[in-house]
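The numbers here are math on the coordinates, done by the rules we state, and not lab data. Quick caveat: nothing in here was measured; it's all calculated off a predicted structure. Cβ placement follows ideal geometry from the backbone for every residue including glycine, while neighbour counts extend to all protein chains displayed.
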Amino acid sequence: MPSPVAVSTSTSAHRVVVDGGFTGVVKIAHVVKLPQYGVSRFESRTTAQQDRWLVDYICTGTEQQVELLRKRIYRLPGVVRIDRRPAP
């Protein structure tokens, strides 16, 4: 019987810059609320630029799961940039 492969998980924080006002934030929230992404924190705030918001989230998962979430968010309309940040 093969031995189980250890899968390492890590916690990572991200900041998303999104245009489109609060509607853009809601679109991101619909994606990150899915249970397979293990998002433990989600917050958003406005910026000085009109209709541009910052969204911060922290998720736990394998590197593959984290990348899949980033790719799904990038496909949303209005997403300008996603930066990986140090996890708290």
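Label separation (Gln36 vs Leu54): 3.1 nm, computed from points 7 Å beyond Cα along the C-beta direction. Look at the alpha carbon pairs under 8 Å that are at least 6 residues apart: their mean separation over the length of the chain gives a relative contact order of 43 percent. Asp83 sits among other residues whose Cβ lies under 12 Å from its own Cβ, and their net charge, with Lys and Arg +1 and Asp and Glu -1, is +4. Report which label in (i) 36, 18, 10; (ii) 28, 12, 10; (iii) 34, 23, 12 holds the value of semi-axes √(5λ) of the Cα gyration tensor in Å derived from the coordinates of this structure. Here the calculated entry is (ii).
At full extension, Thr47 and Thr9 could sit 10.5 nm farther apart than now, given 0.36 nm per residue minus the alpha carbon distance. For Val79, nonlocal amide neighbours, meaning residues 5 or more places apart or on other chains whose placed amide H falls under 5 Å from its own, are Asp19.
In this rough spin-label picture, where each label sits 7 Å from Cα along the Cβ direction, the Glu67-Val80 distance is 2.7 nm.
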